[in-house]
Amino acid sequence: MDKKRNPVIAIGLDAGEPSLIEKWMSQGYLPNLSRWREKGIYGRLENFRDSNVETAWTTFGAGCSPQKTGFWAHMGFKEGTYETETRAAYDFQEFPAFYALGEEYKIAAFDVPQVRVTDKINGIQVGGWGAHSPQVPSSSLPESIFQEIVDKHGASPALHKDYAVCLDLKKTLEVEERIKAGTALRSAICQDLLQRDNWDLFITVFNEPHSGGHLFWQLSQPEHPLYEILRKKVSHDPLLAVYQEMDKAIGEILSKAPENASIVLFSAHGMKSATIDVPTFIMLPELMYRYCFPGKWALAKGDIADPVPPMLTKMKWNYWERHLWGDRYDPNPIRRFLRRETPTRLFNIIEPWIDKSNEPDLVSLWELMRRGDRVVPWNPAQWYKPLWPSMKAFALPSFAEGYIRINLKGREPQGLVDPSDYHSVCDEICEKLNALVDPRQNIPLVKYIVRPRENPLDKNHKLPDADLIVVWNEDTSTDVVDSPEYGRFGPYPPYRGGSHREQGFIIACNSEIEPNSSLDGGHVLDLGPTILSLMGAPIPDYLEGKPLPLVSNKSVAV
């Protein structure tokens, strides 16, 4: 590298959980991260509590909040219809990636999740090689580089294959080996690319904490309610194993870093016990169903007068969607029995007949697929879609917080709620939500609710699709919910072991940064400006963050 430059090697740990990293560094399990932490500065970073799950990498890449980009989720609601759509990654047209610096700077960006390749970057870009939920196609600039890398080093064994339901231990542990194999390939690829030119910035992101956190939290961390039951069924801690493999790879990559390079290790958000899947995927659409159709219920009806049943540790037929659909209420006892007890091979044959209805009703994922609907048909919120036109409000499919859309007159094709009643309906739904309790711990399910629209007919395209964003209580990884008005929901089988938290971290090292120092405060929005500052590159005006104070009693170059 040109010594007149200030080269930066930035390595992201997707959903790297600060509390885990701090613990495992102190216990000696992550020697390379420990070494760089001792050589430089460490601090935790905040992200947006109510929008970090879907937008963490857009916030990092664009250096802007969701309010500024208008990007809130990878799935969307199609205005003027009752249909959903896949939006994938932010387009970065209005606000380019912070490292899109033109011809003057040489950049190598390998597999940064959810950041699209662009001709505004001079160097090498590879997207969609092995990131968890990359939301971009497998591609590169120059176009030939992607295939060259695959031919020389190999394709990622975990790309789109790092999912498993947490109760299915066999499939869950199979993913561990794919993740670790992908880590070794990433190390080799990054070492190769790092040495190809004198880069002003080399950036890559490891997917292991993200994939591993979703898959293995219940097998690793005692805070998870299933830990005591499931941990004894495995011989080791698979989450620690993938973190250690990643730590080894980081050491290998940084062994090739130029001596004058600044090193930045970071995460844009974290991970702890799952608090999203059951409330967002299942309970919220069912709550909206019971709210709109009083006296009716669809999935896993329960009675709050009964003792709280034990958590589910095994699924019927070992098939998450089938288990849920088998718990669908039906006044016909024969259909109920067939949904719940029929072996899968036979069920696949009879399902179109037992679920046939001439009236709008819940629709199975199998029927959605027969209709050609490919927008996450496995997500239970989609199963209620035929009923949305007849509901005052409904839950939108989401991988993150709970999203509720009001069926508003003048906005929705068959709107039921007059704009003059919009706020009173929102108030009523918030009251129902705030009354929900996790009966295992007797604590509220909802932490708070965001209401992004003051004017219900506001056409600002940067507002989220949701009229209510429900942020769940992080103190409970719930499987069953009680409502004083609508009875018991569940127990439901958990989908993933871990879900996201808003805190990330940064480790930064160079000759001017005091060893073993600490950073107080900071936001993920500050990562882009900090990296640019370390490079000595200009900081675009649209970035909302600022360079972090990494050097004591010295001004930070801008």
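Any chance you could count how many residues in segment 40-67 are within 22 Å of ILE263 (Cα to Cα), in contact with a strand residue (DSSP E or B) (Cβ under 8 Å, 6 or more places away or on another chain) and among the polar types (S, T, N, Q)?
Number satisfying all stated conditions: 1.
For segment 85-102, what are the residues that are in a strand (DSSP E or B) and buried (at least 24 other Cβ atoms within 10 Å of the Cβ)?
If the condition is that a residue be in a strand (DSSP E or B) and buried (at least 24 other Cβ atoms within 10 Å of the Cβ), then no residue fits.
When residues of segment 513-550 are filtered for being of a type in the set (Asp, Glu), over 14 Å from PHE60 (Cβ atoms) and modelled with pLDDT of 95 or more, how many remain?
Total satisfying the criteria: 2.
Which of the following residues is at positive phi and touching a residue at least 12 places away in the same chain (Cβ under 8 Å): ALA10, ALA15, ALA56?
Matching residue, one of ALA10, ALA15, ALA56: ALA15.
Just give me the residues in segment 279-315 being touching a Lys or Arg at 6+ places or on another chain (Cβ under 7 Å) and more than 16 Å from GLY487 (Cα to Cα), in sequence order.
Those that are touching a Lys or Arg at 6+ places or on another chain (Cβ under 7 Å) and more than 16 Å from GLY487 (Cα to Cα): none in segment 279-315.
Which of the residues spanning segment 103-141 are aromatic (Phe, Trp, Tyr) and in a strand (DSSP E or B)?
Scanning segment 103-141 gives TYR105, PHE110.
Could you figure out which of (1) farther than 25 Å from SER220 by Cα; (2) out of contact with any Leu (no Cβ under 6 Å at 6 or more places or on another chain) isn't true of GLY497?
(1)
List the strands (runs of 3 or more DSSP E) that sit entirely inside segment 472-515 and contain at least 2 residues that are touching a residue at least 12 places away in the same chain (Cβ under 8 Å) and surrounded by 23 or more Cβ atoms within 10 Å (Cβ to Cβ).
By residue number, 498-501, 504-509.
What number of residues within segment 85-114 are of a type in the set (S, T, N, Q) and at pLDDT 95 or above?
So the count comes out to 2.
What tally of residues in segment 46-79 results from selecting those that are of a type in the set (Phe, Trp, Tyr), under 23 Å from LEU532 (Cα atoms) and part of a loop (DSSP other than H, G, I, E, B)?
Residues in segment 46-79 being of a type in the set (Phe, Trp, Tyr), under 23 Å from LEU532 (Cα atoms) and part of a loop (DSSP other than H, G, I, E, B): 1 in total.
Quickly run through segment 211-229 and pick out the residues that are touching a strand residue (DSSP E or B) at 6+ places or on another chain (Cβ under 7 Å) and not in a loop (DSSP other than H, G, I, E, B).
GLY213, HIS214, TRP217
For segment 448-462, how many residues are buried (at least 16 other Cβ atoms within 10 Å of the Cβ) and closer than 16 Å to ALA400 by Cβ?
Here the count works out to 2.
Could you please find all residues in segment 469-513 being within 19 Å of the chain's Cα centre (by Cα) and aliphatic (A, V, I, L, M)?
Passing the criteria: ILE469, VAL470, VAL471.
Of the residues THR280, THR344, which is of a type in the set (Val, Ile, Thr), crowded, with 16+ Cβ neighbours inside 10 Å and either under 25 Å from PHE489 (Cα atoms) or not assigned by TED's automatic domain parsing to the domain that holds ASN207 (or both)?
Going through THR280, THR344 in turn, just one is of a type in the set (Val, Ile, Thr), crowded, with 16+ Cβ neighbours inside 10 Å and either under 25 Å from PHE489 (Cα atoms) or not assigned by TED's automatic domain parsing to the domain that holds ASN207 (or both): THR280.
The values are calculated or read from the model by the stated rules, or taken from the named source; none is laboratory data. For clarity, every value in this text was computed on a predicted model and none was experimentally measured. For neighbour counting, all protein chains shown are included, and Cβ atoms are generated from backbone atoms with ideal geometry for every residue, glycine included.
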